[in-house]
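Here is the structure we will look at.
The values are calculated or read from the model by the stated rules, or taken from the named source; none is laboratory data. Keep in mind it's a predicted model, so treat the numbers as computed, not measured. Cβ placement follows ideal geometry from the backbone for every residue including glycine, while neighbour counts extend to all protein chains displayed. What goes into the accessible areas is simple: the full protein's heavy atoms, side chains included, and nothing from ligands, DNA or RNA. Shrake-Rupley method; radii C 1.70, N 1.55, O 1.52, S 1.80 Å.
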Amino acid sequence: MKKMSEDSNSAILDSISSVTEGCRLPVLMNNGDDWRKSGCSTLAEIISIKDSDSKKQFYVHYIDYNKRLDEWVEEDRLDTRKIQYPRRDLASAATTGLNTPKKTLTGATNSRPSSPGLTPDPITGPSVLAALQQKQQKNRKRKLDHSESKSPPAQEEEVRRPSIGSSIGSSIGGLGDIEIPPLLTQQQSLPRQTGSLATHSDDHAITRIKNMKMIELGKYRIKPWYFSPYPQEITNLDCIYICEFCLKYRKSRKCLERHLQKCPFKHPPGNEIYRKGSVSFFELDGRKNKLYAQNLCLLAKLFLDHKTLYYDTDPFLFYVMTEYDARGYHIVGYFSKEKESSEDYNVACILTLPPYQRKGYGKLLIEFSYELSKFEGKTGSPEKPLSDLGLLSYRSYWKQTILEILIALKPQEGQEKPQLTINEICEQTSIKKEDVISTLTNLELINYYRGQYILTLNKDLVDSHKKIMEKRKIRIDSKYLHWTPKDWAKRGKW
Ligand code: ACO
Ligand code: ZN
C-alpha cells in the first residue's frame, strides 16, 4: 500500500481518458477504505476496459497480489496522477496484460501441460477440437514411450477393487444432454504441448478475466476466483446452477430443479474406496466417467489459476471427497492423479471448495494422496508449480508429518540418541526426498556436528507441534481404505 498526497478529484477524473490497457496506476482495492479519506491505494495494471451503461469499467490486476483479487472497478477508484504507461517495446504485451510479472512459487517448470480437464485455449470448431485431442494423446504417448518404466503392453486385465458403496461406473456419461465445452471466439492459437503451466494460461487476455459472477452448488453460493471456459452464453448470467451430484450446470434455478427431478445420483460416480464417519472418497476414471470429470475440471478451474485445463481426462484418476448427510454425499473437494507419472507426481490438481476451506479438508486430501502412494509402495510429490495456497498447505502437511515421526522416534538398544535416515522418512511417509530435505531445511533442524548431520528439536517446536496436532481432528485412517493400486503401465491402455 502506498500513501497518496491530497489532490483535487476533478484533476484525476479529467485524465481518465488517458488510461489504456497495460498501464499501471494506484487503484483503491475493493476491501480498502476510501482512498480519498485514508489515502491508501495499491499499484495495479489495467487488463481490460469496457463501457457498460455509458460508464467506463476497468479490469485491474493488483501487482504482487494473487489474481483472485482482480476485479472490475469504476473510474473513481483510479488515481491517474501516478499513471505509468507501458514501454513502447512492451506495447503489444501490454494489451494482453502480460506486463504483470508472474511469480512462480517453486521456480519449477513442467515438462508438459498435464492437468486434466478443459483447455481455455482456442478452438474454432469440432474438427479442431478432435485434432487437439488427438495431438494431446499422441504427445502423451510419446512422453510415455520415452519413460524408462515402460513395460511391454499386456492384455487389459480387470483388477477388481473392493467398493464400499455402489459403483455407478460409466453410467453418468449416458445421461443424455451433454454440454459441449465452450468454444472461445477470440483469436487464439493452439495450446503449447510443453512448457510451464503458469505461462500457458497467461497467453490470452480473455483467460485473465473472471468470466463467471456466481455459482450455486448445493446449499452454497460461491463467487468464482478465476476464468473457467464455461459456454459464453451462460457467462453473462448473474448465477449458474450446478447439480452437486453429477456437476451438470444449468442457467436458472428452475432448470436445475427440473434436472434434479431426473438426476438419479446422490454421490459422485466411481467406487467409494474410503469411508470413515461422514467422510468418503470416490475414485473415478477420467476415461470411463468423462462427462463428470470434465464438469469437475470446469468447476475446479474457477478456483485454480495456474493450471491449464485440457479436454483429455483419460490419463487421470479423480479422487472426490464428500461429506455425507441425509440428502446425499456432498462434494467437498478432490484431487486428480495421473495414471502413470514419469515425474513421480501423486497429485495433479487439488482443490477444497471455498465453503469448506480452512477447516483441515485440504490437509485431509493431501494425507489421502500420500496414503495411496504408501499402498503403491512409492514416494510422490504434487505437480508443479504449486499455487500460493497449495504451497502453504503442502509445507504445513510436510512439516507436521515429519515432526510426528521425529518426535515419536525412540533410541534403539545400545544407542544414546535415536537414528533415522532421510530415506527412512521417505519410506514411512511416501513424501519425496527433495520435499523431506526442503522441509527439514526450512525448519532449520539440520546441523552439522563433529563430522555428521544431526537433527535438533527444541522444546518450543515440540510443544507447539503437539498443540497443533491436538487440533487436527480429522485424519485419514488407513484401516478404512479399500483399494488395490493398478499397474497402468502393464494395462496397455488407460
Ligand atoms: N490463508 C492463509 N493460510 C491458509 C489459507 C489462506 N487463505 N488457506 C489455507 N491455509 C493454510 C492453513 O492455515 C493450513 O495451515 P496450518 O494448518 O499450518 O494453519 C494449511 O494451509 C491447510 O489448510 P486446510 O484447511 O487443510 O486446507 P484447505 O481446505 O483450505 O485447502 C487448498 C487448501 C486445497 C490449497 C485450498 O486453499 C484450495 O483449494 N485452493 C484453491 C486451489 C489451489 O490453489 N489448489 C492447490 C494448487 S497446487 C496443485 O494443484 C498441485
Ligand atoms: Zn445431477
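Worth a mention:
- Length-normalised contact order of the stretch 250-390 in % [C-alpha pairs under 8 Å, at least 6 apart]: 18
- Under 5 Å between amide hydrogens, built in the peptide plane, is the criterion, and for S48 it picks out Y59 among residues at least 5 positions away or on other chains.
- Here the peptides 247-257, 334-344 are ranked by packing, the mean other Cβ count within 10 Å, and the order with the highest first is 334-344, 247-257.
- Peptides 56-68, 441-453 ranked from most to least packed by the mean count of surrounding Cβ atoms within 10 Å: 56-68, 441-453.
- From the largest down, the stretch 299-423 spans 58, 38, 27 angstrom on the principal axes of its Cα atoms.
- Percent of C-alpha pairs per 5 Å bin in the stretch 438-494, short distances first: 4, 12, 11, 12, 12, 11, 11, 12, 10, 6, 1.
- Working note: Karplus 6.51/-1.76/1.60 with θ = phi - 60° gives the stretch 289-300 the couplings 10, 4, 5, 4, 4, 5, 5, 5, 5, 4, 5, 5 Hz, where Gly and Pro are set to x.
- Rounded to whole numbers, the Karplus 3J(HN,Hα) couplings from phi for the stretch 348-360 are 9, 10, 9, 8, 10, 4, x, x, 9, 5, 6, 10, x Hz, using 6.51 cos²θ - 1.76 cosθ + 1.60 with θ = phi - 60°, and x at Gly and Pro.
- In the assembled protein chains, K50 presents an accessible area of approximately 80 Å² (probe radius 1.4 Å).
- Other-chain or far-sequence residues with amide H under 5 Å of T42's (modelled H): V27, L28, M29
- Cut-off under 5 Å, modelled amide H: who pairs with H330 long-range: E323, Y324, D325
- Cα gyration tensor, the stretch 203-326 - rounded (a/c under 1.5), prolate or oblate: oblate
- The phi-based Karplus calculation (6.51 cos²θ - 1.76 cosθ + 1.60; θ = phi - 60°) puts the 3J(HN,Hα) values of the stretch 243-248 at 6, 6, 9, 10, 6, 5 Hz, whole numbers, x for Gly and Pro.
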